[in-house]
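Chemist: First the structure, which I've put down as structure tokens, then a few questions once you've had a look.
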Amino acid sequence: MSNASAGATILVVEDVDTMRALLVHQVGGLQGVGRVVQARNTWEARRELRRNRPHAVLLDEVLPGESSLDLLRELLGEGIPVILLTSLEGGGPERALPEGVLHRVPKGGEGAVQDLLENAILPILKTIP
């Protein structure tokens, strides 16, 4: 992770350890990102939200336990930009996004992560002073 004193804070909410680690590593390496915090579920995400208000959240669309949609409504209510990560069949960008969500990115491999970085995260970073 980069120095937390400068740049955007991004929260990654993903229950699969290997995917979460990949996202944290890739997003943390972007210019303009100062800190990447992570959570495995909605409970951990809320804890991190209290500690570190993020500039944006990468939210797995399907999490164990409480629905990610409940957390999504809270994030949007607080004006925090959200990018949904999905492994759902037919869950790609062509599927209708919940109102307020910036992007939906299919999970799976380096290509999907690169797409996430180029088309979803970088535009957000450009809007942060």
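Chemist: What FRET efficiency do you get for S67 and H25 if R0 is 30 Å and r is their Cβ-Cβ distance, rounded to the nearest 0.05? Don't jump to the answer; show the numbers that get you there.
Modeler: On the way: r = 27 Å, r/R0 = 0.91.
Working from the Cβ atoms, E equals 0.65.
Chemist: If the chain between R46 and E78 were fully stretched, how many nm would it gain, using 0.36 nm times the residue separation less the Cα-Cα distance? List each step's numbers first, then the result.
Modeler: Working: separation 32, 0.36 × 32 = 11.52 nm, distance 1.23 nm.
Gain in length upon complete extension: 10.3 nm.
Chemist: Around A8, with a cut-off of 14 angstrom between Cβ atoms, what is the net charge of the other residues, counting Lys and Arg +1 and Asp and Glu -1? If you can, show how the numbers build up before the last one.
Modeler: Values: positive: R35, R53, K126; negative: none.
Net of charged neighbours comes to +3.
Chemist: For segment 1-88, which GluC sites (Glu not before Pro) are in a loop by DSSP, counting at most 13 other Cβ atoms within 10 Å?
Modeler: Working: sites: E14, E44, E48, E61, E66, E74, E78; in loops: E14, E61, E66, E78.
For GluC sites (Glu not before Pro) across segment 1-88 that sit outside H, G, I, E and B with at most 13 neighbouring Cβ atoms in 10 Å, the list reads E66, E78.
Chemist: Please give me the summed charge of the neighbours of R40: other residues whose Cβ is under 13 Å from its Cβ, Lys and Arg +1, Asp and Glu -1.
Modeler: Numbers: positive: R20, R46, R47; negative: E14, D15, D17, E44, E48, D60, E66.
Surrounding charge for R40 is -4.
Chemist: Each residue of segment 19-34 in turn: what ³J(HN,Hα) in whole Hz from Karplus with 6.51, -1.76, 1.60 and θ = phi - 60°, glycine and Pro shown as x?
Modeler: Listing the rounded values in order: 5, 4, 4, 4, 5, 4, 5, 5, 5, x, x, 7, 5, x, 9, x Hz.
Each value in this text was obtained by applying a stated rule to the coordinates, not by laboratory testing. Predicted model only: the values in this text are computed from it and were never measured. We place every Cβ from the backbone using ideal geometry, glycine too, and count neighbours over all the protein chains shown.
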